[in-house]
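Structure, as structure tokens:
The values are calculated or read from the model by the stated rules, or taken from the named source; none is laboratory data. These numbers come from a predicted model, not from an experiment. Cβ placement follows ideal geometry from the backbone for every residue including glycine, while neighbour counts extend to all protein chains displayed.
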Amino acid sequence: MPQQQPAAHRAGREMQEIFSDDMKFRTWRRLWLTLAEAEAELGLPISGSQLGEMREHLDDINYGFAALKERELRQDVAAHLHAFAAQCPKARAVLALGADEAFVEENGELIRLRAGLMRIRSLLANAVAAAADFAERYQRLPCRACGAPGSAPVTLGKRAAVWTGELLSDLEAAEHELAGLRLLGCRGSSGTDDRLYALFRGDMEKVETLQRLLAEKLGFAGCYAVSTGYYSRKVDLRALQVLAGVAVSVLRCANDMRQLALDGELNTPRQALEKASGLARLVMQAAALPAGVAGAQCLEQKPQDEACRRAAVPEAFLAADRMLVLLIHGLENSEAHVRRAAENLMLELPFLAAGRIVSLLVRKGLEPERARLLVERHAAEAEQALRDGAAENDLLRRIATDPACRISPAELAAALRGENFTALAERQTAALLHDTVDPMLAERKRLLGLALQPDD
């Protein structure tokens with residue numbers, strides 16, 4: 001058996017399988033079979049028994065024979081073609097007609113790239129669902145804002161709505177990239193279809209039909225209209241830019257949740273989120289490598305730095321898979337500390353409500369300037385007390401016990417409920433969930449409910 005790609009970062013089994021050597025070699029055999037089927041449909045002398053023989057040996061790869069041939073030939077594609085031919089003696093003469101080694105190498109990479117993006121799309125849909133559920137649970141829980149002094153309170157759900165929106169944009173980016181992905185087809189060494197042109201004796205219509213058949217049979221919308229014998233490495237770059245965008249969202253969400261845990265407002269699996277943050281940085285670094293490879297793709301030559309690409313692409317996908325699983329686990333297993341959130345909010349809320357308190361005092365009969373000066377004096381004293389180490393903000397008590405203010409603690413408390421300051425945050429969260437997220441998830445229902453095992 002071939003050596004598997006390392007189960008880097010304990011990525012899901014599906015992603016490990018996509019980027020395994022076994023999947024690569026089985027994909028090569030499917031490409032050779034698909035080419036033969038298309039050529040037979042276009043009139044080349046390839047019999048049903050030859051195709052049947054190839055179908056029988058798509059997955060039972062004779063790895064020992066292939067290894068011997070690779071040591072002899074120093075070329076893995078040729079070695080596996082010989083190994084396939086050894087198992088399909090009747091089809092030997094029609095294997096890889098009109099194709100070179102780039103046919104299986106390049107198209108095989110595109111097939112794996114598509115499979116990897118499809119897995120990421122499924123994980124993103126589940127991440128959006130988990131973040132949206134978190135947002136809905138806590139859309140009414142007021143929290144102090146972490147912004148400029150005097151920032152209005154937010155809700156924990158509004159924060160999760162921000163995470164949801166960013167993950168949703170990543171899902172849209174992944175789907176856009178999938179929609180634009182094409183097959184290379186059977187292009188020949190310089191991308192001019194010269195081998196097929198000779199094979200079909202100058203019948204360009206059959207050459208073009210063959211490319212369409214290959215794409216249809218392999219589930220692609222078509223082949224790239226123009227290329228060299230190798231697909232543009234900007235395809236890798238764009239795919240990994242999608243992953244880099246996902247990594248930014250994961251890092252943002254994980255860091256927010258870890259900070260909330262440090263503030264005592266959230267009980268969350270911090271170790272999982274720490275791992276997700278580290279993997280997000282790894283994905284960002286890996287995503288920068290294909291740019292150099294794409295830029296060094298010169299004329300019709302084989303792209304340079306292929307070892308870099310072969311390492312960066314699987315590494316980025318495996319790490320992205322794992323970080324999304326960890327993020328989903330974190331979102332699904334986090335609970336808010338409601339009491340602590342309220343305590344933290346009350347350290348600042350009385351100051352934020354100074355204007356409302358002044359209005360209450362005016363309604364109680366105080367002159368506006370007098371009310372303003374009283375509140376400002378008590379606010380300054382309460383703020384100084386906090387600087388001196390006071391455990392709580394006693395601004396409301398100071399005002400309630402000041403005979404000049406003529407207001408009861410109950411009246412102050414009713415005016416300063418956190419919910420009175422977060423109505424827009426609740427509304428924004430509800431609108432995102434109802435108008436955008438729910439319809440999106442309904443359309444992608446088949447992607448949801450993945451069996452995720454973060455501790456595998």
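Residues in segment 322-369 that are at pLDDT below 75 and either polar (S, T, N, Q) or in a helix (DSSP H, G or I) (or both): 14 in all. Considering Ala145, Ala66, Ala86, the condition of being assigned by TED's automatic domain parsing to the domain that holds Ser232, more than 20 Å from Gly222 (Cβ to Cβ) and among the hydrophobic types (A, V, I, L, M, F, W, C) is satisfied by Ala145 alone.
For segment 131-141, residues that are surrounded by fewer than 24 Cβ atoms within 10 Å (Cβ to Cβ) and not in a loop (DSSP other than H, G, I, E, B) total 3.
Pick out the one residue from Gly157, Gly98, Gly165 that is touching a residue at least 40 places away in the same chain (Cβ under 8 Å), over 30 Å from Val338 (Cβ atoms) and not hydrophobic (A, V, I, L, M, F, W, C).
On the way: Gly157 fails: over 30 Å from Val338 (Cβ atoms); Gly165 fails: over 30 Å from Val338 (Cβ atoms).
Among Gly157, Gly98, Gly165, only Gly98 is touching a residue at least 40 places away in the same chain (Cβ under 8 Å), over 30 Å from Val338 (Cβ atoms) and not hydrophobic (A, V, I, L, M, F, W, C).
Taking each residue of segment 175-191 that is in the same structural domain as Gly245 (by TED's automatic domain parsing) and over 19 Å from Leu124 (Cα atoms) and looking for partners that are part of a helix (DSSP H, G or I) and acidic (Asp, Glu) with beta-carbon atoms closer than 6 Å, six or more apart or interchain, yields Leu184/Glu106; Gly188/Asp194. Remark: pairs (first residue in segment 249-268, farther than 13 Å from Ala130 by Cβ and in a loop (DSSP other than H, G, I, E, B); second residue among the polar types (S, T, N, Q) and at pLDDT below 95; Cβ separation under 7 Å; 6+ apart in sequence or on different chains) = Asp263/Asn344; Glu265/Asn344.
Count, please, the residues in segment 27-77 that happen to be assigned to a helix (DSSP H, G or I) and closer than 22 Å to Arg212 by Cα. Show your work before the answer.
Taking segment 27-77 and keeping what is assigned to a helix (DSSP H, G or I), we get 27-41, 48-56, 63-73, 76-77.
From the residues that got through so far, the ones that are closer than 22 Å to Arg212 by Cα too are 27-41, 48, 51, 54-55.
Within segment 27-77, residues that are assigned to a helix (DSSP H, G or I) and closer than 22 Å to Arg212 by Cα number 19.
Can you confirm whether Asp22 is modelled with pLDDT of 95 or more, surrounded by fewer than 20 Cβ atoms within 10 Å (Cβ to Cβ) and out of contact with any Asp or Glu (no Cβ under 8 Å at 6 or more places or on another chain)? The answer is yes for Asp22.
With respect to the conditions (1) surrounded by 18 or more Cβ atoms within 10 Å (Cβ to Cβ); (2) farther than 22 Å from Leu210 by Cβ; (3) of a type in the set (Asp, Glu), Glu106 lacks only one, and its number is (2). Here is a check on your reading of the model: is Ala99 modelled with pLDDT under 95 and either under 30 Å from Met323 (Cβ atoms) or part of a loop (DSSP other than H, G, I, E, B) (or both)? Here the answer is yes, as Ala99 does meet what is asked.
The condition of being of a type outside the set (Phe, Trp, Tyr) and part of a helix (DSSP H, G or I) holds for Ala86. A search for C-beta distances below 9 Å between a residue of segment 422-440 that is within 17 Å of Leu167 (Cβ to Cβ) and any residue that is hydroxyl-bearing (Ser, Thr, Tyr) and part of a helix (DSSP H, G or I), counting only pairs 6+ apart in sequence or on different chains, returns Thr429/Thr164; Leu432/Thr164; Leu433/Thr164; Thr436/Thr164; Val437/Thr164.
Condition check ((1) of a type in the set (A, V, I, L, M, F, W, C); (2) in a helix (DSSP H, G or I)) across all residues:
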{"site": "Phe220", "(1), (2)": "yes, no"}
{"site": "Val235", "(1), (2)": "yes, yes"}
{"site": "Ala239", "(1), (2)": "yes, yes"}
{"site": "Val246", "(1), (2)": "yes, yes"}
{"site": "Glu274", "(1), (2)": "no, yes"}
{"site": "Arg281", "(1), (2)": "no, yes"}
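Of the residues making up segment 437-448, none is surrounded by 12 or more Cβ atoms within 10 Å (Cβ to Cβ), at pLDDT below 75 and outside any helix (DSSP H, G or I). Are any of the residues in segment 381-401 surrounded by 16 or more Cβ atoms within 10 Å (Cβ to Cβ), at pLDDT 75 or above and part of a helix (DSSP H, G or I)? The answer is yes, given that some residue of segment 381-401 is surrounded by 16 or more Cβ atoms within 10 Å (Cβ to Cβ), at pLDDT 75 or above and part of a helix (DSSP H, G or I). A single entry from Ala78, Ala67, Ala96 fulfils the requirement of being aliphatic (A, V, I, L, M) and buried (at least 20 other Cβ atoms within 10 Å of the Cβ): Ala96.
Considering the conditions (1) modelled with pLDDT of 90 or more; (2) out of contact with any strand residue (DSSP E or B) (no Cβ under 8 Å at 6 or more places or on another chain); (3) crowded, with 19+ Cβ neighbours inside 10 Å; (4) not aliphatic (A, V, I, L, M), Gly202 is excluded by exactly one of them, (3).
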